[in-house]
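So the structure is just underneath, and the comments pick up after that.
The values are calculated or read from the model by the stated rules, or taken from the named source; none is laboratory data. In this text, all values refer to a predicted model and were calculated from it rather than measured experimentally. Neighbour counts are summed over all protein chains in view; Cβ atoms, including those assigned to glycine, are modelled from backbone coordinates with ideal geometry. Each accessible area value is taken on the protein alone, full model and side chains, heavy atoms only, with ligands, DNA and RNA left out. Shrake-Rupley method; radii C 1.70, N 1.55, O 1.52, S 1.80 Å.
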Amino acid sequence: MRGGIRWVKTHCARMDHGGCSLLVGVEDNKIISVKGDPDGFLNKGYVCAKGLASPERLTHPDRLRYPLRRAGRKGEGKWERISWPDAIDEIAKNLKAVKENYGAKGIAFCQGMPKGMEHFVLIRLANCFGAPNVVSVQDVCHAPREITGIHTCGFYPVTDFHHRSQLVVLWASNITSTNEEGEIHSLLIEQIKKGTELIVIDPRRVDLVKEARVWLQLRPGTDNALALSFLNVITGEKLYDKDFVENWTYGFTDLVRHVRDFTPERVAEITRVNPDLIRKAARLYARSHPAAIQWGNPLEHTINAFHTLRAIVCLMAICGNLDVPGGNIQANEPNVLGLGKFVRSDLLPSKRNEMIHAHHRTIPRLMTVPPAMFRQAVLKGNPYPVKAAYMQCTNPLLVYADSRQTYEALMKLEFLAVSDIFMTPTAAVADIVLPAATHFEFNDIGHYGLGHGYLLARPKVVDPPDECWPDVKILSELGKVLTEKEYWYDDYNQLLEEVLQPSGLSYREFTERGYLKGPDRFKKYVSNGFRTPTGKVELKLSQAEKLNLSPLPQSAGLPEEDDPHYPLVLTSSKSRYYLHSSYRWIETLREKRPHPRIEIHPETALKYQIRQGDAVTIETKSGKITQNAHLTDRVDPGVLNASHGWWFPESEATSLYEWEQSNFNILTSTKKLGKEFGTPNLKGVGCTIRRNIY
Ligand SMILES: Nc1nc2c(c(=O)[nH]1)N[C@H]1C(S)=C(S)[C@@H](COP(=O)(O)OP(=O)(O)OC[C@H]3O[C@@H](n4cnc5c(=O)[nH]c(N)nc54)[C@H](O)[C@@H]3O)O[C@H]1N2
Ligand SMILES: Nc1nc2c(c(=O)[nH]1)N[C@H]1C(S)=C(S)[C@@H](COP(=O)(O)OP(=O)(O)OC[C@H]3O[C@@H](n4cnc5c(=O)[nH]c(N)nc54)[C@H](O)[C@@H]3O)O[C@H]1N2
Ligand code: SF4
Ligand SMILES: [Mo]
């Protein structure tokens, strides 16, 4: 019997960090419609193309539906269907064997962008199992911003779009495409309509440049020098907030002396930005109150991430924009279970010393292994061997810098299990592939642990098909076999109740409310001081020596030396139609962006005899790939913007879905890594191009 349409309110997820409230129409266990919820706390009715296409993930005919065991050589594309008990057994048997021979540190638990509670349950499983190595893409995604914030001002300063800003700086943030971490751009657009001004710092003329008072079209990978130049102008012209600086900062005179050399003229040579524009932007930021810096992900794609981000937090501080409404705030979390307790860090107090990267002396607060260091452990046994990995929600063959090194590492692992919703190049070289249930198919909590001060309800809307299991269930079942049963529940949904318990709400009550938000409280430092060793914003780090860090933000100039063989400067950005390497197989999205494209200025195209749509070889010192030319004056003639995350799900399994063909990370390298976070240079890489001749 047909039941008619039922509308369920939930939040979008796993198409980016998530955040938009959605109204989902369901009929007979099938989603037939998705709409933006006008009452959405973050989106006010907005929904993007990915959100609208998101139910197609559930029903794609090629979706993984049963656990698979490798039946041929690694990567040969031959599989046999096995039962869940057999899959769990086989994973447990292999992980236990490695633990016996090499210790639990010989196993890596790998996660991509955190997508929901599965991320934290994975860390819990690793802790319960005694395994210190959770590998994550955090080295290029948020860890540098969060940890640098904590060292400098005691918290992670997030943009407050919920209160009026006089000015917003979009610094390496293409918010109308990426809406990252729930900074859904509709909130910003509302503000712009009411008169909020904009500065855009981006090598490309992104959508919001048309609304901007100033656009700094810098050379990719040079934000570091630019930020120091802002500090030079603002301190030199005494445009800072004097009361704040006097009462709440440490090391101001040292910083002033330190940035004296970074004049706009000198920095213009590095950044290619006109010195007068640098001055104009710095003055505008300093004179606007409150002003917020929406700082994006490319700031983390450099070996100098720590210094760049330190300089930017110093800017927020000296201009009096920290923890004020409409500035960069310390979001207050709702009353739910703390992360440390949920992930059971108590069970593995030795983790800090045992983690792979502790041996490389990265910044001590970094609790996940940088992927480059994980691969060194697999390939060279440095600092000790890693022999097996469990991966969920990630596609390392596309998303880690230096894809060939990733390939070698994956092939060398003695055992690899991958949980995904679709066969990917990474899953294709695994020993066991697990069919995950995905968003809309289980109860989940969004934005837990992300530091934005709210939790979003993502109640289940439909049942998963066939034998797809939510990751949290898979991890719980593995936990019961690999670790003490007492850490797990008969019903994995209890893990969600555990998180919510301090709030006094059940999961059901939480979903009725839709979201939980911490209180709006600002300028907490007035009563408590900043949570740094000096109680002030540490423009100069008071414990730099102890932590093996530079006390003041440094500049290393260009990300790499100019090389006449590679005269063009390469960067990349995320596509509004995809999430990293995910979802090239969703038809309605693929129709919108069928090919990997590289943005080339028409003058440059002419010089290299390239026409619109031509297949073009892009070559760096590390390798070469092919993408299709898209001629546009959005980029400077000296700069190219390529697409990240491309593979071809429609091609042969034996080619690993042509993982090498257009994959941006074939062009990147891990030879140089940032000392603090193990981050490679992904931006500002020297390259050359030519038209492919067939
Ligand atoms: N549609 C979509 N949304 C996403 C994602 C996705 O893959 N697709 N990924 C999600 C994730 S995990 C993240 S971390 C966020 C990231 O979201 P964003 O921070 O917006 O990241 P990007 O798109 O990489 O880059 C943002 C802008 O920086 C510019 N840029 C490139 N190089 C440089 C540079 O060297 N300096 C400066 N100043 N700007 C530069 C690019 O031109 C681009 O316009 O988005 C999230 N949302
Ligand atoms: N050169 C370069 N490299 C980059 C970046 C860049 O800008 N340039 N960006 C970096 C950043 S910011 C990030 S966050 C990383 C992203 O790194 P990843 O998070 O590894 O990226 P994705 O390609 O989105 O891979 C996610 C995988 O999860 C699967 N998946 C989706 N839903 C589920 C689910 O419910 N369960 C399971 N088990 N699997 C699911 C998808 O099918 C997909 O294969 O890449 C980083 N790498
Ligand atoms: S912006 Fe993000 S959260 Fe909103 S609908 Fe699109 S993918 Fe979903
Ligand atoms: Mo990310």
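Residues that are charged (D, E, K, R) and surrounded by 23 or more Cβ atoms within 10 Å (Cβ to Cβ) within segment 420-461 comprise ASP420, ASP444, ARG458, listed in sequence order. Among the residues of segment 220-228, are any part of a helix (DSSP H, G or I), within 19 Å of THR532 (Cβ to Cβ) and more than 16 Å from ligand 3 (Cβ to nearest atom)? No - not one qualifying residue is present in segment 220-228.
With the requirement that a residue be outside any strand (DSSP E or B) and open to solvent by 40 Å² or more (accessible area, probe 1.4 Å), what does segment 618-634 give you? Steps first, answer last, please.
Let us first name the residues in segment 618-634 that are outside any strand (DSSP E or B), namely 620-623, 632-634.
LYS621, SER622, ASP633, ARG634 - these are the residues of segment 618-634 that are outside any strand (DSSP E or B) and open to solvent by 40 Å² or more (accessible area, probe 1.4 Å).
Within segment 513-528, how many residues turn out to be open to solvent by 40 Å² or more (accessible area, probe 1.4 Å) and in contact (Cβ under 8 Å) with a residue 40 or more places away in the chain? Give the steps one after another, and end with the answer.
Keep residues of segment 513-528 that are open to solvent by 40 Å² or more (accessible area, probe 1.4 Å), which gives 513, 515, 517, 519-523, 526-528.
If we keep only those that are in contact (Cβ under 8 Å) with a residue 40 or more places away in the chain too, we end up with 513, 515, 517, 519-523.
Final tally of qualifying residues: 8.
Per the listing GLN294, GLN392, GLN376, GLN330, the residue uniquely within 16 Å of ligand 3 (Cβ to nearest atom) and either under 30 Å from ARG14 (Cβ atoms) or more than 19 Å from the chain's Cα centre (by Cα) (or both) is GLN294.
In this structure, does PHE129 turn out to be of a type in the set (Phe, Trp, Tyr) and either under 25 Å from ASN382 (Cα atoms) or in the same structural domain as ALA282 (by TED's automatic domain parsing) (or both)?
Values: of a type in the set (Phe, Trp, Tyr): yes; either under 25 Å from ASN382 (Cα atoms) or in the same structural domain as ALA282 (by TED's automatic domain parsing) (or both): yes.
Yes: the conditions hold for PHE129.
Look at segment 160-183 and say how many of its residues are under 17 Å from GLY40 (Cα atoms), assigned to a loop (DSSP other than H, G, I, E, B) and either open to solvent by 10 Å² or more (accessible area, probe 1.4 Å) or away from ligand 4 (no atom under 16 Å from the Cβ) (or both). Of the residues in segment 160-183, 5 are under 17 Å from GLY40 (Cα atoms), assigned to a loop (DSSP other than H, G, I, E, B) and either open to solvent by 10 Å² or more (accessible area, probe 1.4 Å) or away from ligand 4 (no atom under 16 Å from the Cβ) (or both).
Identify, from the list GLY251, GLY236, the residue that is closer than 30 Å to ASN528 by Cβ and either small (Gly, Ala, Ser) or not assigned by TED's automatic domain parsing to the domain that holds ASN304 (or both). Can you show your working first?
Numbers: GLY236 fails: closer than 30 Å to ASN528 by Cβ.
After ruling out the rest, the residue left standing is GLY251.
Table: residues versus (1) over 24 Å from the mean Cα position of the chain (by Cα); (2) open to solvent by less than 20 Å² (accessible area, probe 1.4 Å); (3) under 28 Å from THR679 (Cα atoms); (4) in the same structural domain as GLN191 (by TED's automatic domain parsing).
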position	(1), (2), (3), (4)
ILE303	no, no, yes, yes
LEU309	no, yes, yes, yes
ILE312	no, yes, yes, yes
MET316	no, yes, yes, yes
GLY320	yes, yes, no, yes
PRO325	yes, no, no, yes
ASN335	yes, no, no, no
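Restricted to segment 139-189, and to residues that are farther than 30 Å from LYS672 by Cβ and among the acidic types (Asp, Glu), which residue is nearest to ligand 2 (Cβ to nearest atom)? Among those that are farther than 30 Å from LYS672 by Cβ and among the acidic types (Asp, Glu), it is GLU183.
Only one of (1) outside any loop (DSSP other than H, G, I, E, B); (2) under 26 Å from the mean Cα position of the chain (by Cα); (3) surrounded by 16 or more Cβ atoms within 10 Å (Cβ to Cβ) is not met by THR588, so which one is it? Status for THR588: all satisfied but (3).
If you check GLY75 against the conditions, is it farther than 30 Å from ILE189 by Cβ, more than 16 Å from ligand 4 (Cβ to nearest atom) and either touching a Cys at 6+ places or on another chain (Cβ under 7 Å) or in a loop (DSSP other than H, G, I, E, B) (or both)?
Numbers: farther than 30 Å from ILE189 by Cβ: yes; more than 16 Å from ligand 4 (Cβ to nearest atom): yes; either touching a Cys at 6+ places or on another chain (Cβ under 7 Å) or in a loop (DSSP other than H, G, I, E, B) (or both): yes.
Criteria met by GLY75.
Of everything listed in (1) among the hydroxyl-bearing types (Ser, Thr, Tyr); (2) in contact with a strand residue (DSSP E or B) (Cβ under 9 Å, 6 or more places away or on another chain); (3) under 25 Å from GLY638 (Cβ atoms), the single unmet condition for TYR250 is (3). Applying the selection to segment 184-205, what residues are open to solvent by less than 10 Å² (accessible area, probe 1.4 Å), in contact (Cβ under 8 Å) with a residue 60 or more places away in the chain and either within 24 Å of PHE230 (Cα to Cα) or more than 12 Å from ligand 3 (Cβ to nearest atom) (or both)? Within segment 184-205, LEU188, ILE199, ILE201 meet the criteria. The condition of being surrounded by fewer than 24 Cβ atoms within 10 Å (Cβ to Cβ) and over 25 Å from ASN179 (Cβ atoms) holds for only one of PHE129, PHE155, that being PHE129. All conditions but one from (1) in a helix (DSSP H, G or I); (2) of a type in the set (D, E, K, R); (3) over 21 Å from ALA436 (Cβ atoms) apply to GLU90; the one that does not is (3).
Condition check: away from ligand 4 (no atom under 16 Å from the Cβ) and assigned to a strand (DSSP E or B). Does ALA108 satisfy that? Against the criterion (away from ligand 4 (no atom under 16 Å from the Cβ) and assigned to a strand (DSSP E or B)), ALA108 qualifies. Restricting segment 12-50 to residues that are polar (S, T, N, Q) and either open to solvent by 30 Å² or more (accessible area, probe 1.4 Å) or free of Cβ contacts under 8 Å to residues at least 12 places away in the same chain (or both) leaves a set whose member that is nearest to ligand 2 (Cβ to nearest atom) is ASN29.
What residue, among those in segment 138-152 that are among the β-branched types (Val, Ile, Thr) and buried (at least 24 other Cβ atoms within 10 Å of the Cβ), is nearest to ASN382 (Cα to Cα)? Spell out how you get there, then give the answer.
Within segment 138-152, the first condition is being among the β-branched types (Val, Ile, Thr), and the residues that meet it are 140, 147-148, 150, 152.
Those still in the list that are buried (at least 24 other Cβ atoms within 10 Å of the Cβ) too: 140, 148, 152.
Values: VAL140: 21, THR148: 26, THR152: 31 Å.
If we take residues in segment 138-152 being among the β-branched types (Val, Ile, Thr) and buried (at least 24 other Cβ atoms within 10 Å of the Cβ), then VAL140 is nearest to ASN382 (Cα to Cα).
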